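First comes the structure, then the notes that go with it.
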Amino acid sequence: MYLLLGLILSGVLLAIYFKRGRNTVWGGATVGLILGCIVGIFKGDFLVVLGWGFCLGTLSGFGADLLGTFGDRLKER
């Protein structure tokens, strides 16, 4: 249930950030997929681990993007 919500949220974030080109959200999703593949091979439940890796990578990239935006706005003041 939570994995499905995470995948939906990740898909929405990737759709929003699609036109920006290279950014932290897409980079986080890529790293999450790579790490999810590696861990999934050894852990056994491949698709679940891959899904969680994708979700966590996308959300961590979004968090990094928010922190960068927040830092830029603080520098303006």
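Based on what the data block shows, is Gly53 within 21 Å of Leu5 (Cβ to Cβ) and buried (at least 19 other Cβ atoms within 10 Å of the Cβ)? So that I can check it myself, show each step before the final result.
On the way: within 21 Å of Leu5 (Cβ to Cβ): yes; buried (at least 19 other Cβ atoms within 10 Å of the Cβ): yes.
It is true that Gly53 is within 21 Å of Leu5 (Cβ to Cβ) and buried (at least 19 other Cβ atoms within 10 Å of the Cβ).
Pairs only if they're at least six apart or on different chains, beta carbon under 6 angstrom, first in segment 4-23 and closer than 13 Å to Asp65 by Cβ, second assigned to a helix (DSSP H, G or I) and among the hydroxyl-bearing types (Ser, Thr, Tyr); list them, first residue then second.
Leu13/Thr58
Of the residues that make up segment 21-42, is at least one charged (D, E, K, R) and assigned to a helix (DSSP H, G or I)?
No, segment 21-42 has no match at all.
Out of curiosity, is Arg73 outside any helix (DSSP H, G or I), of a type outside the set (Val, Ile, Thr) and exposed (fewer than 11 other Cβ atoms within 10 Å of the Cβ)?
no
Can you pull out the residues in segment 43-67 that are in a helix (DSSP H, G or I) and at pLDDT below 90?
Lys43
For segment 24-57, give me the residue count where each residue is over 19 Å from Gly68 (Cα atoms) and in contact (Cβ under 8 Å) with a residue 40 or more places away in the chain.
Residues meeting the conditions: 5.
The values are calculated or read from the model by the stated rules, or taken from the named source; none is laboratory data. These figures come from a predicted structure and were not determined experimentally. Please note: Cβ atoms are built from the backbone with ideal geometry, for glycine as well, and neighbour counts cover all protein chains shown.
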